[in-house]
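A quick write-up on the structure given underneath.
The values are calculated or read from the model by the stated rules, or taken from the named source; none is laboratory data. What you see is a predicted model; the values in this text were computed from it and never measured. Here the Cβ is made from the backbone with ideal geometry for all residues, glycine too, and neighbour counts use every protein chain on show.
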Amino acid sequence: MISTGTASSTLDTLDKPLPHDAQAERCILGAILVDNACLEAIQSQVTPSDFFVDAYRRIFKEMQGLRANRVPIDFVTLHQALLDDATVAQAGGAAFISGLADGMPKIAPASEWARIVRRSSVLRGIAHTGQAAAFEALESRVDPEEILNNVQNRLTALRSLLSPNIPGLLASEVEIERTEWVWDSRIPLGKVTVLDGDPGLGKSAITLDLAARVSTGTDMPDDSPGVKGGVLILSAEDGEADTIVPRLVAMGANLESIRILKAVLGAGGERPLEIPTDLSSIERAARSVDARLIIVDPLMAFLSGNTNSYRDQDVRRALAPIATMSQALRVATLIVRHLNKATDGNPLYRGGGSIGIIGAARCGLLVARDPDDETGAKRVLAVSKTNLGPLAPSLSYFIEPHEGSIRVHWGGVSPHLASTLLIPAVDMESGSSMHEACEFLKATIESGSMSSKEVLRKAKSAGFSERTMNRAKKSLGIKARKEGFGRNSSWIWELIPDQD
């Protein structure tokens, strides 16, 4: 009741306990201890703030934390996590926790208990709203309209808590985000990117080049602005002391911002890292350097033994947590794969393992030899897939020695696309076309030798591509030799006469 006798009248509190059901709260916790899986359904109905008993609220919150870190919820883990909690200790500590599951059936109506707890929480909210409105109304110079609006907003929020738990969310509730990049149009932040290529083409060197750039905030290879942050490297094939760190030094990396992770401590000592089993270790390591880039090189070496890399369902189950972690940490995850032995020219089908790997990635990159380079030293980095915008131009690169190790030398834009880099030569030309190309080449170099530039100039005028000429050259056994030095050097194609 509100006294109206004098100016000093105050709100009288009702002599009744606030609505709550301690038994339902205890049963929820007991049900979770018996069956951890039911937590997912329960936490879609109630939150820690719905619990009235302080000790139960703290225990439920800790259960959520254990579940999020993929730790089993049992008496031991829960007691260990709450060892320093004074409220739980005052309630009975270990004995209090162990008694939560007493008498709990194997199949418990946990959803009904959650509904009871939520209903009591809403009733308490209504009581608090009424009390708050009364106190506000007794303040001097208060706008009644403002009080009514406050009450309406609180009651609307409480009403929404009683609505059926409809899965999903309205599009209108989504806050639009702009895609951010570690490397513009190639490696997005918060997403998974796959880098495919044959062994020996410098995939690992490229990842370390990018790691060095991120660690120092240096511009990317195409001169687009970089992102400064930490880097986590998961490497299974290269040694830290003889390969990874010397390369990082040669590439000018900030070593204090880069962590290398190869193994974790298990019950029997150190063991190789596994995905997704050791995701929590990966996350802790990434957080330790405030990582903006995680490199997994190569993916297949880190997949757990029960993951079939050629089974789409297994692969997606392994990579989904990686994608979730990438988004949560706002870190780009770059996964390295070797190519398979198929001859299909489509780069999306050439990566090792299931198609689900590139399917789970938002962007894909491919490295291959430049088919127009006679030396075999020039390579191409091309975009094979992107779900986030137009394809970025391909870039050429070389691997060159530097300061006792190697580094990547970027050579600018390349005309070659991922869609054509892996097409087998035999598929590019029909037999008749290749025969014509060979006849043209023999007639052109009838004198025995000619500069490659002149040969290709004449071939272009005759309607033959550079790629076709290179295949015809190989078919005829034409040799290439270099004449001169430095900028004045040139390649000469020489037709070796038949020895018959």
Notebook entry, point to check: Given the structure, is Lys442 among the charged types (D, E, K, R), within 27 Å of Leu421 (Cβ to Cβ) and outside the structural domain of His416 (by TED's automatic domain parsing)?
Noted result: no
Margin query: Quick check on Ala205: is it farther than 21 Å from Tyr397 by Cα and either loosely packed, with under 15 Cβ neighbours inside 10 Å or modelled with pLDDT of 95 or more (or both)?
Written below: no
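Name the residue that is surrounded by the fewest Cβ atoms within 10 Å (Cβ to Cβ), counting only residues in the stretch 133-159 that are among the small types (Gly, Ala, Ser) and at pLDDT 75 or above. Full working, then the answer.
Narrowing the stretch 133-159 to residues among the small types (Gly, Ala, Ser): 133-134, 137, 140, 157.
Next cut, at pLDDT 75 or above only: 133-134, 137, 157.
Values: Ala133: 16, Ala134: 14, Ala137: 14, Ala157: 12.
Here the answer is Ala157.
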Check: Hey, does the stretch 218-230 have a residue that's at pLDDT 95 or above, touching a Leu at 6+ places or on another chain (Cβ under 9 Å), in a helix (DSSP H, G or I) and crowded, with 19+ Cβ neighbours inside 10 Å?
Finding: no
Checklist line | Hits in the stretch 459-487 - residues which are assigned to a helix (DSSP H, G or I) and crowded, with 16+ Cβ neighbours inside 10 Å | finding: Ala459, Arg467, Thr468, Met469, Asn470, Arg471, Ala472, Lys473, Leu476
Notebook entry, point to check: Is it true that some residue in the stretch 345-368 is touching a His at 6+ places or on another chain (Cβ under 9 Å), at pLDDT below 95 and within 21 Å of Ala236 (Cβ to Cβ)?
Noted result: yes
Check: Thr420 fails exactly one of the following numbered conditions: (1) of a type in the set (S, T, N, Q); (2) more than 24 Å from the chain's Cα centre (by Cα); (3) part of a strand (DSSP E or B). What is the number of that condition?
Finding: (3)
Check: Which of the residues spanning the stretch 277-294 are within 16 Å of Leu265 (Cβ to Cβ) and outside any helix (DSSP H, G or I)?
Finding: Thr277, Asp278
Item checked: The listed residue being within 13 Å of Gly197 (Cα to Cα), assigned by TED's automatic domain parsing to the domain that holds Leu255 and in contact with a strand residue (DSSP E or B) (Cβ under 7 Å, 6 or more places away or on another chain), out of Arg337, Arg292, Arg362 -> Arg337
